[in-house]
Amino acid sequence: MNTRENINKTLTKWDKLAFDSWWNYKRQRNKHEWMRIAVTAKYCDHGRTLEIGCGNGDLYTCLASWGHEIYGVDISEIAIRKVIAKCLDLGIRGFFAVVDGGAIPLEDSSFDTVILPEVIEHLEDPTPVLQEARRLCRNGGNIIITVPNEDMIPDEDHKIIFSTNSLKDLTRKFFRGDVCPIKGLPEQWIGIKIVNNKSDSSLANPCGTMQQLDAFFTEIVPEKVDIANNKVTVIIPTYNRCNYIKESIDSIINQSYKNIEIIVVNDGSTDNTKDIVEEYKSVIYLEQQNKGKSAAINNALKVATGNYIWVMDDDDIANPYKAEIQVRQFIKNADIGIIGTEMFVINIDNSAVVSIIQASSCHSDQILLNMLENNTLYGSSVMIRRECFSRVGEFDENLSRSVDYDMHLRVAFAYQAKIICFPAVLLRAHDGIRGTCTTAFDASEMKRKWKESNGQIFRKLYDNVELGYYYPPLHESPENIFYKISALYLRILGLIANNYPEVALKDFKMIKILTNNISNQYVLPYEVSSFMEFVFKISHKISKLSVDNNFNELY
């Protein structure tokens, strides 16, 4: 472990900020923070939006990627530089300025919505910022404020501790419009949405102009993508989802990236799916007898012409920038074969965000390790380089569930993988029937079905994937005992996590034999130290999984 990693294990937040002033802007958001961002975004109406205190840019990029015309200001030049870097990396256009949020030199009523996300609790006197929010928001527009809920987020930099009542009391001093609480926020935050009523003052008249905004804000325009030579094929296998598929197709048609072909494969639907899909003249429509998702995807792959393949579930909704974000990363990284993103989970009618599917780690060297334990390259979020299929083969038509997991694992073993820490898909949670017409099952059976299929997947990997793929250094040094043991531990992790203890036991016996031979191989001290740290970490995971699944006899 290097010096910086040792330091990061022991430092507090404030020590880290002293060590690296960018730390708080660079860190990965946790699931509660992303939920706050998702819920806040739901309360923003389309129109010209100003975010005062845009911080590290996650709310900003979330809003901008869904089509909001959004402008961001922050008093910190570091924050603005971080937002700009994030926009350039994701391929999202942005408008920014470094300015004190309590004195913004723009004309009155320039924006339809003004957002203050986690800003006023840091101020000794929030009066100037609240007055600016009222002044810059048009009459009838919305002002959105979120703050930490009392002391649930301890922070030495918080000057004011808010409760729901104290937040309402404060805002009533400045705003005369209707005030409603923001529902659905994680318990660590509270928020309100205010309809800005300026009928009693000269500020009621809208007078902000695009000319003054263009003069004040710096526009960030990402580098253009070579669209002509980077075609995306979106495959949508569907079975009796006529209530949702239109939203899914529309979300693909509305992508910012325009070199896309859409192939919908109707897997023997008995509803009016065909009528809905055939209304889209640009969509390639295929039909087959009901054979399941894998067969539908494989049929589409035979006619697909894209450089990249994106399999989209027929009930999910894609972020408008999703394809562009991933194509940009493929172009930058020729060794990457598969890219996923994070996902927001929505309720059945897309009226609320209920959770987030977040990456355990976005570091490429951790993705395969995490995938051995559970699927972290998930469903509609994934895009795969087309050439990968000629190496790893088609989707497995013998699997009833987890067909994506199976394919993503195979690609991740053969190629580099990447996860973009940005939610680019809305995954719809509902209780609809799954499976084919002959293997249909209720949503309540999902976990059991997944467990059965995952067991099949890992037995297949055990039989067909060389040990070196679990730990690539073993390919270069096939006689290295430490590398062999490391690879065996990783394979055991996948087997235990996916309900194959009897096969894992064979690997445990092999480790025992190899361990007895370690004394015969000379190794440097640092190699022993690194190996022992790795073994301890993986053994702890395996031990926990064994206890959770009543596989105690393995230990």
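Summary of computed values
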item: Rounded if a/c under 1.5, otherwise prolate or oblate - the range 223-294, Cα gyration tensor axes; result: prolate
item: Additional length obtainable on full extension of the chain from E502 to E279, 0.36 nm per residue less Cα span; result: 75.0 nm
item: Sequence of R176, R386, R48 from largest to smallest accessible area, 1.4 Å probe; result: R176, R386, R48
item: Potential lengthening between E187 and K451 on full extension [0.36 nm per residue; Cα-Cα distance subtracted]; result: 91.8 nm
item: Where labels lie 7 Å past Cα in the beta-carbon direction, separation of I348 and R391 in nm; result: 4.3 nm
item: C-alpha center-to-center spacing [the range 293-311, the range 123-138] in angstrom; result: 52 Å
item: Label-to-label distance, nm, for residues given as K173 and V221 (7 Å Cα→Cβ offset); result: 4.5 nm
item: Theoretical FRET efficiency, 1/(1+(r/R0)^6), r = Cβ-Cβ of E156 and L514, R0 51 Å, to 0.05; result: 0.50
item: Solvent-accessible area, 1.4 Å probe, carbon plus sulfur percent, for the range 125-174; result: 42 percent
item: Qualifying lysines (Cα of each under 16 Å from Cα of K281; at least 8 residues distant if same chain); result: K246, K258
item: Accessible-area composition of the range 287-407, carbon plus sulfur, in percent [1.4 Å probe]; result: 42 percent
item: In nm, spacing of pseudo-spin labels at R459 and T164 (7 Å Cα→C-beta vector); result: 5.2 nm
item: Residue-span extension gain [H540 to A228] - 0.36 nm each, minus C-alpha spacing; result: 107.4 nm
item: Loop-resident sites, the range 115-168, for trypsin sites (Lys or Arg not before Pro), counting at most 13 other Cβ within 10 Å (DSSP); result: K159
item: Per residue accessible area in Å² of the range 268-330, where ligands, DNA and RNA are left out and the probe is 1.4 Å; result: 38 Å²
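The values are calculated or read from the model by the stated rules, or taken from the named source; none is laboratory data. Treat the numbers as computed from the prediction; the structure is a model and nothing was measured. Reconstructed Cβ throughout: ideal geometry from the backbone, glycine too, with neighbour counts over all protein chains shown. Ligands, DNA and RNA are excluded from the accessible area calculation, which covers all protein heavy atoms including side chains. Shrake-Rupley method; radii C 1.70, N 1.55, O 1.52, S 1.80 Å.
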